[in-house]
Structure formats: structure tokens, C-alpha cells
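The values are calculated or read from the model by the stated rules, or taken from the named source; none is laboratory data. From a predicted model like this one, the values you see are computed outputs, not experimental measurements. Cβ atoms come from the backbone with ideal geometry, glycine included; neighbour counts cover every protein chain shown. With ligands, DNA and RNA removed, areas are computed over all heavy atoms of the protein, side chains included. Shrake-Rupley method; radii C 1.70, N 1.55, O 1.52, S 1.80 Å.
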Amino acid sequence: MKKTFYLFNPGVLERKDNTLKFTPCADDGETPDVNAQSRYLPVEDISEFYVFGSLRANSALFNFLGQKDIAVHFFDYYENYTGSFMPRDSLLSGKMLLAQTSHYQNQKKRMVIARKFIEGAAYNMVKNLQYYNRRGKDMEGIMELMNRLAAQISDTRTTEELMGVEGQIRQYYYEAFNLIINDFEMGNRTKQPPQNEVNALISFGNMVCYTICLRAIHQTQLNPTISYLHKPGERRYSLALDIAEIFKPIIVDRVIFKVLNRKEIQEKHFDRKLNKCLLNTVGKKIFVKAIEDRLGETIRHRSLHRPVSYRHLVKLECYKLAKHLLSMEEYKPFKMYW
């Protein structure tokens with residue numbers, strides 16, 4: 001099975017025959033690190049790279065990565081996602097592009113899909129709280145408020161109205177974090193930049209989830225720039241934002257609860273500087289390892305009647321959306337059933 005590789009240190013990535021060679025550099029990204037050994041990576045084992053440090057590469061490398069269907073996602077020093085190198089869209093379909101566009105331009109059809117995304121997201125958020133409610137955390141009041149708001153989803157007529165309801169649901173949801181997490185405070189949701197440890201984990205995890213969804217979209221006939229909940233915009237793949245709404249509670253939030261409550265991530269794994277709180281390199285490694293472990297876990301799929309990994313669930317969601325757009329099958333968002 002192909003793996004995701006995370007490059008935290010600056011270095012040089014190059015093709016070496018039929019493998020990839022990564023040579024660590026000093027912090028300046030230019031000088032070879034004499035104390036570090038080069039690492040050879042068999043190209044057949046690689047699904048994608050996440051690059052958090054300075055990376056030197058040339059066009060020959062990216063041509064090679066494109067041939068081997070390997071994506072590269074880039075993040076800046078402050079953990080912000082800056083862009084991706086994606087292999088050529090060999091699966092793009094004119095028929096699918098027309099269907100996506102048609103559903104976007106038709107307000108009624110667009111809202112049907114947009115509501116489904118929030119319906120799935122709200123359901124999965126409540127499911128998370130139910131899990132901890134069964135374990136002695138009193139979530140009843142918050143869940144009731146969230147369910148009341150979720151009942152309004154079907155009445156929304158615009159995406160702005162829908163996003164307003166989603167924002168209220170998520171506000172109550174984040175209030176519950178203080179009851180779930182033992183040693184850290186959630187506080188208010190702060191993004192750019194995150195102001196505390198929990199917000200730093202949410203922001204970082206959500207960006208990883210976004211790229212997971214983007215990669216899954218790229219492996220189908222869907223066009224990632226045409227979306228239904230989030231407004232399509234330049235320089236972003238807004239459909240990945242749509243689909244990520246469903247999976248952030250399942251993948252990101254559950255991992256956050258786990259690593260904090262098991263003390264796998266502690267205060268020492270964060271850096272505070274210039275009114276922002278960010279994971280340090282050791283913290284990032286622990287967190288992405290926990291996310292990868294989560295993505296590799298399997299559940300018994302109700303429709304397929306076989307074990308399916310969380311990573312594959314994202315791709316299945318894309319297939320379901322594609323079938324809806326082609327009028328083959330009504331789209332139903334993935335909802336946790338355990």
C-alpha cells in the first residue's frame with residue numbers, strides 16, 4: 001500500500017534512477033547537512049508528499065512525480081497551506097464538468113448538495129459528543145442545542161443562510177471541547193493566527209484534511225474548483241473545502257481529543273511567538289503520525305460489506321457525489337454509525 005511522506009526538514013529532493021533521493025540541508029535550505037544521511041525512497045511506495053520545510057527540486061523531478069501520479073502539498077513556516085503540485089488530470093470528463101457546472105448554476109440543485117454537506121457535518125459533530133456523553137461527560141444540553149439548529153438546515157434558502165446555521169452549530173460544538181479535553185482550554189475559535197494550543201491543532205488538522213479531500217477528488221472525475229457550499233474562488237480548490245466539512249469531526253477532531261487526553265502532545269510541543277501559537281517540529285510529527293494512524297483504521301462498511309479505511313471513505317464520498325451529479329443516485333453524506 002502506498003504511503004504519505006512528510007518532509008519537515010529543509011533539503012533537496014531529486015530523482016535517482018527509479019527512486020527518489022532526499023538530502024537534508026541546514027536551516028538555510030542550501031548548505032548540505034554533513035551530519036545527516038541521504039534517504040532513498042522507492043517511488044512505488046509513495047502516494048504524496050507533505051512539505052513543511054524548504055525544498056529544492058527541479059523540473060525533471062516534477063515531471064517524474066507527475067508520471068508516477070505523486071502529489072506534493074506545500075505549507076509555509078506558519079503551517080498555512082500554500083498550494084499543491086498535482087499530477088495531470090487524466091480522469092477529467094467533459095460530461096462531469098458540465099454536470100458540476102449545471103448543478104452549481106441551478107440554485108435549487110446547488111442548495112440540495114450544500115445542505116447535505118452541513119447535514120453530514122452536524123450529524124458527525126453530534127456523534128462525537130455522544131461518544132463522550134456515554135463516557136461520563138455531560139453533553140446533553142449542548143447536543144440538544146446543536147440538534148435544534150440542525151433541524152433548520154432543510155429550511156435554508158441560500159448558502160449564506162446555511163453557513164450561518166453551520167457557524168452556530170460549530171460554536172456550540174467547540175464549547176464542548178472544554179468538557180472533553182483535560183489539560184487545555186479551547187477558548188474562542190481563532191484561525192489566522194491560532195491563539196492557543198487547541199486552536200493550533202484544529203487549524204493544522206483542518207488543512208491536512210483539506211489536502212486529503214483534494215487528493216481524493218483528483219482521483220475521480222470531479223473538478224475540485226466547482227463547489228456548492230463554499231463559493232468557488234480563484235487560487236483554491238473549493239470542492240475540497242465542501243467535502244472536508246463532513247470529515248473534519250471524524251478524522252481531525254477525534255485525533256485531537258486522543259493526542260491531548262493521552263498526553264501524546266503536551267505544552268512542550270508548541271511554540272508561542274508574536275501573538276500566535278504553533279506546533280513545533282516534534283509536535284507536528286506526533287500529530288501527523290496520529291492522523292495517518294486514524295486514516296489507516298478500518299470500519300465495516302454497511303453498503304460494501306467489507307472493511308474500508310477512513311482514507312478510502314473520503315474517496316467513496318467523491319464517488320457518491322459524482323453519481324448524484326450524473327443523476328445516477330441521490331447523494332447522502334457519510335454519517336458515523338458507531
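For the chain, the membrane-span-like helices by this rule, meaning whole DSSP H stretches whose C-alpha atoms cover at least 18 Å of axis and whose Kyte-Doolittle mean is 0.0 or above, are 197-218, 281-296; this says nothing about an actual membrane.
How large, in percent, is the carbon and sulfur part of the accessible surface of region 200-325 at a probe radius of 1.4 Å? On region 200-325, the fraction of accessible area on carbon and sulfur atoms equals 49 percent.
Given their separation in residues at 0.36 nm each and the Cα-Cα distance between them, PHE64 and GLN168 gain 32.8 nm when the chain is fully extended. As a ratio to 2.2 N^0.38 Å, the alpha-carbon radius of gyration computed for the chain takes the value 1.02.
You can think of it this way: the chain between ASN106 and LEU274 has 55.9 nm of extra reach, that is 0.36 nm per residue less the Cα-Cα gap. Take the chain with all the other protein chains still there, run a 1.4 Å probe, and you get 49 Å² of accessible area per residue. Below 8 Å between Cα atoms, with a sequence gap of 6+, how large is the relative contact order for the chain in percent? 15 percent. Loop only per DSSP, at most 10 neighbouring Cβ atoms within 10 Å: give me the trypsin sites (Lys or Arg not before Pro) in region 80-143, ordered by residue number. Qualifying residues, ordered by number: ARG88, ARG134, ARG135. Excluding same-chain neighbours fewer than eight residues apart, the aspartates and glutamates reachable from LYS335 by a Cα-Cα span under 17 Å are GLU119, GLU166, ASP242, GLU245, ASP253, GLU297, GLU317.
In this label model, ILE299 and GLN195 are separated by 3.4 nm, measuring between points 7 Å along each Cα→Cβ vector. In the distance distribution for region 104-216, Cα-Cα pairs more than 21 Å apart total 46 percent.
Taking 0.36 nm per residue of sequence separation and removing the Cα-Cα distance, the LYS137/LYS21 pair yields an extension gain of 36.9 nm.
Among the listed pairs LYS3/LYS268; LYS16/LYS285; LYS258/LYS323, those whose Cα-Cα separation exceeds 31 Å are LYS258/LYS323.
Of the trypsin sites (Lys or Arg not before Pro) found in region 271-322, those in coil by DSSP whose Cβ has at most 10 other Cβ atoms within 10 Å are ARG302.
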